[in-house]
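J.: Here it is, the structure, as structure tokens.
The values are calculated or read from the model by the stated rules, or taken from the named source; none is laboratory data. Given the structure is predicted, the values throughout are model-derived calculations rather than measurements. We place every Cβ from the backbone using ideal geometry, glycine too, and count neighbours over all the protein chains shown.
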Amino acid sequence: MDFERFDKLACTDRVTLLTALELLWQNGRMMIQTEDVSTLTAGCAAGVGNFYTMEKLHEVVTVCKELASLETAELIHCLRCSGMKMKVPGADEEGICPICGGELEYGDDEPLDDGGVYDWTCPHCGATGKEGYDKVFDRHYDVQDGDGNPYPDLSEGAQDTALAVPETVECPPSPGTAEVLVVDGGRTNTLPPEDIAGLNAHFPRDDWGEYFWGFTCFSRQDYAKVVPLDGVDEIMLGVQCIEGGCLCEMAICWHMLSSEPVPRLEMFNEAWPLFQAPTFVSVLKHLTQMSQNHAPTPDEVSALLIAHGFSDRSDRPLGTANE
């Protein structure tokens, strides 16, 4: 799929495109690529068959297969540049008070190199704040209510979503001695011999030198502002290839439970052999130890993975977040 076809679907058949994107995000790129159209269509029919004809489901699956062939950067480009406007649920809205939902009145502006800042006042509730633009509307910040109190008030139990980088993570390096290879201009380690020996029984191949342990953290990805996430944050990790794609992967997703972000491991059965890889066994061991005191944060898990030889493939390095 190229941008022209994506944009045409966004403008003329958004239902098909959105359904195909949802199918891709729910099942994963690898699964969509490996299953044939008839199998996927049958699976969709079992779940949403009452809402679509078989002909329409076949069209949705065909589009989903095309989307699965795109690299992540290409898909993000299509989402950003097409006629499809996407917004994270609950995100700030331009010109709307984040406290009461009233229409804002603007004051002085402060131009910046890549956008600008506008002071605003809400005539309905008296709140004040600044509206930031990064060429387009970004978010509200420095918000105060009519009495001059910060909003939201973090002193009353609300938790800051910014996660601090752990100073140290005490754990041994991953087993074995790995060679160093170059991936997209960066240096990383190939899979340790012990991991290869176990994984080869499930994924027999001769090109193990092109594979490595890698991961991405959703909150440190460029697309985090435009792609919705069913949760607080997510780390995708697994055995990746220098040519792109992955052999198998899993996700650690943070969901709100009792007002706290709690991690949950999610994976398809194709990734179960990773539980036999010594590197991942060691990761789980140290995650278990860490969890005895508190629920590990995305940054803590990222640091733990790096300590075990994983390559951090996130768009921004550990310790940074979306601004």
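J.: Restricting the search to segment 1-37, which residues are closer than 27 Å to A251 by Cα and of a type outside the set (A, V, I, L, M, F, W, C)?
T.: Those that are closer than 27 Å to A251 by Cα and of a type outside the set (A, V, I, L, M, F, W, C): T16, T19, E22, Q26, N27, G28, R29, Q33, T34, E35, D36.
J.: Checking the conditions here, which among S282, S291, S259 is among the small types (G, A, S) and surrounded by 14 or more Cβ atoms within 10 Å (Cβ to Cβ)? Step through it out loud before you land on a result.
T.: Working: S291 fails: surrounded by 14 or more Cβ atoms within 10 Å (Cβ to Cβ); S259 fails: surrounded by 14 or more Cβ atoms within 10 Å (Cβ to Cβ).
Unique residue meeting the criteria: S282.
J.: Any residue at all in segment 236-243 that is part of a strand (DSSP E or B) and in contact with a Ser or Thr (Cβ under 7 Å, 6 or more places away or on another chain)? So that I can check it myself, show each step before the final result.
T.: Quick first cut of segment 236-243, residues part of a strand (DSSP E or B) only: 236-241.
With the extra rule that they be in contact with a Ser or Thr (Cβ under 7 Å, 6 or more places away or on another chain), the set shrinks to 236.
Scanning segment 236-243, I find at least one residue that is part of a strand (DSSP E or B) and in contact with a Ser or Thr (Cβ under 7 Å, 6 or more places away or on another chain), so the answer is yes.
J.: Within the set of pairs 6+ apart or on separate chains, which have a first residue in segment 300-313 that is in a strand (DSSP E or B), a second that is surrounded by 20 or more Cβ atoms within 10 Å (Cβ to Cβ) and of a type outside the set (S, T, N, Q), and C-beta atoms under 8 Å apart?
T.: S311/F212; S311/W213; S311/G214; S311/F215; D312/G214; D312/F215; D312/C217; D312/L305
J.: Determine, yes or no, whether A271 is touching a Gly at 6+ places or on another chain (Cβ under 7 Å), buried (at least 16 other Cβ atoms within 10 Å of the Cβ), outside any loop (DSSP other than H, G, I, E, B) and not assigned by TED's automatic domain parsing to the domain that holds E22.
T.: Working: touching a Gly at 6+ places or on another chain (Cβ under 7 Å): yes; buried (at least 16 other Cβ atoms within 10 Å of the Cβ): yes; outside any loop (DSSP other than H, G, I, E, B): yes; not assigned by TED's automatic domain parsing to the domain that holds E22: yes.
Against the criterion (touching a Gly at 6+ places or on another chain (Cβ under 7 Å), buried (at least 16 other Cβ atoms within 10 Å of the Cβ), outside any loop (DSSP other than H, G, I, E, B) and not assigned by TED's automatic domain parsing to the domain that holds E22), A271 qualifies.
J.: Does segment 246-260 contain at least one residue that is among the charged types (D, E, K, R), at pLDDT below 90 and under 21 Å from the mean Cα position of the chain (by Cα)? Step through it out loud before you land on a result.
T.: The initial filter retains those residues of segment 246-260 that are among the charged types (D, E, K, R), namely 249, 260.
From the residues that got through so far, the ones that are at pLDDT below 90 too are 260.
Now drop any that are not under 21 Å from the mean Cα position of the chain (by Cα), which leaves 260.
Checked against the condition, which is being among the charged types (D, E, K, R), at pLDDT below 90 and under 21 Å from the mean Cα position of the chain (by Cα), segment 246-260 yields at least one hit.
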